[in-house]
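Colleague: The structure follows.
The values are calculated or read from the model by the stated rules, or taken from the named source; none is laboratory data. Just so it is clear, the model here is predicted, and its values are computed rather than measured. Methodologically, a virtual Cβ is constructed for each residue, glycine included, from the backbone with ideal geometry; neighbour enumeration extends over all protein chains shown. All accessible areas refer to the heavy atoms of the entire protein, side chains included, with ligands and DNA or RNA removed. Shrake-Rupley method; radii C 1.70, N 1.55, O 1.52, S 1.80 Å.
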Amino acid sequence: DSKKHFRPRILLADAVGMGKTIQVGILLSELIYRGRGQRILVVCLKSMMLQLQKELWSRFSIPLEALDSNKIQRTYAKIPSNMNPFNYYNRTIVSMDTLKSPKMMKYIDSSHWDVIVIDECHNVAKRGKTSSDRSRLARKLSSASDALILTSATPHDGTKESYASLL
């Protein structure tokens with residue numbers, strides 16, 4: 001099956017205000033059109049969740065369910081105790097800090113998305129000799145998706161190790 005081997009990895013690195021969100025919307029729309037965008041996870045900073053959610057809905061009609069820790073707790077109350085909350089919604093947006101908790105990381109292990117977008121990906125790049133919770137999260141997410149889209153106005157801190165960790 002050629003679909004199993006289709007695993008694009010895209011880094012959109014451009015200056016602030018140059019349309020990275022529009023490019024993401026175009027890519028997501030195309031993947032949805034091709035039947036490869038049923039399950040979408042957008043990961044971003046908490047401060048960007050509402051803006052990204054609104055942009056992708058208003059410009060591309062892509063609805064994303066915003067999952068913060070409160071919404072995840074309410075979802076637990078609605079689903080069977082053995083069900084993964086990430087399998088309850090097909091298209092979600094969640095902050096990287098919510099996802100990096102040990103409990104959420106466990107759920108990521110048993111989830112799969114057609115597309116994962118990591119906005120402001122420089123926040124998940126490896127810094128120095130050790131991996132941060134955010135960089136471990138990004139590595140885990142990269143294996144939990146068919147397509148991975150990374151965006152950043154500052155894709156690395158000037159070190160080749162940091163940049164290589166994104167690639």
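Colleague: For region 55-65, how many residues meet the condition of being open to solvent by less than 80 Å² (accessible area, probe 1.4 Å) and aromatic (F, W, Y)?
Modeller: Selection size over region 55-65: 1.
Colleague: Could you list, in sequence order, all residues of region 74-119 that are of a type in the set (F, W, Y) and closer than 27 Å to A153 by Cα?
Modeller: W113
Colleague: Test L148 against the criterion of being closer than 25 Å to I22 by Cβ and touching a residue at least 60 places away in the same chain (Cβ under 8 Å), and give yes or no.
Modeller: yes
Colleague: Separate question: Can you list residue pairs whose Cβ atoms sit under 7 Å apart, with the first residue in region 107-118 being under 11 Å from R9 (Cα atoms) and the second being open to solvent by 30 Å² or more (accessible area, probe 1.4 Å) and aliphatic (A, V, I, L, M)? Count only pairs 6 or more apart in sequence or on different chains.
Modeller: none
Colleague: Here is a check on your reading of the model: is Y89 in contact with a Pro (Cβ under 8 Å, 6 or more places away or on another chain), open to solvent by 20 Å² or more (accessible area, probe 1.4 Å) and either in a helix (DSSP H, G or I) or modelled with pLDDT of 90 or more (or both)?
Modeller: For Y89, the condition - in contact with a Pro (Cβ under 8 Å, 6 or more places away or on another chain), open to solvent by 20 Å² or more (accessible area, probe 1.4 Å) and either in a helix (DSSP H, G or I) or modelled with pLDDT of 90 or more (or both) - is not met.
Colleague: How about region 12-39: which of its residues are of a type in the set (D, E, K, R), open to solvent by 30 Å² or more (accessible area, probe 1.4 Å), in a helix (DSSP H, G or I) and touching a residue at least 60 places away in the same chain (Cβ under 8 Å)?
Modeller: Answer for region 12-39, where residues must be of a type in the set (D, E, K, R), open to solvent by 30 Å² or more (accessible area, probe 1.4 Å), in a helix (DSSP H, G or I) and touching a residue at least 60 places away in the same chain (Cβ under 8 Å): there is none.
Colleague: Something else: Assess whether A77 counts as being in a strand (DSSP E or B), surrounded by fewer than 16 Cβ atoms within 10 Å (Cβ to Cβ) and without any contact (Cβ under 8 Å) to a residue 40 or more places away in the chain.
Modeller: no
Colleague: Let me ask you something else. Which numbered condition in (1) touching a Phe, Trp or Tyr at 6+ places or on another chain (Cβ under 6 Å); (2) surrounded by fewer than 16 Cβ atoms within 10 Å (Cβ to Cβ); (3) modelled with pLDDT of 90 or more is the only one that S145 fails?
Modeller: (2)
Colleague: Also, I was wondering about something else. May I ask you to list the residues in region 97-122 that are open to solvent by 70 Å² or more (accessible area, probe 1.4 Å) and either modelled with pLDDT of 90 or more or among the hydroxyl-bearing types (S, T, Y) (or both)?
Modeller: Result: S110, H112.
Colleague: Among the listed residues L52, L45, identify the single one that is open to solvent by 40 Å² or more (accessible area, probe 1.4 Å) and either under 14 Å from the mean Cα position of the chain (by Cα) or hydroxyl-bearing (S, T, Y) (or both).
Modeller: Only one candidate passes the filter, namely L45.
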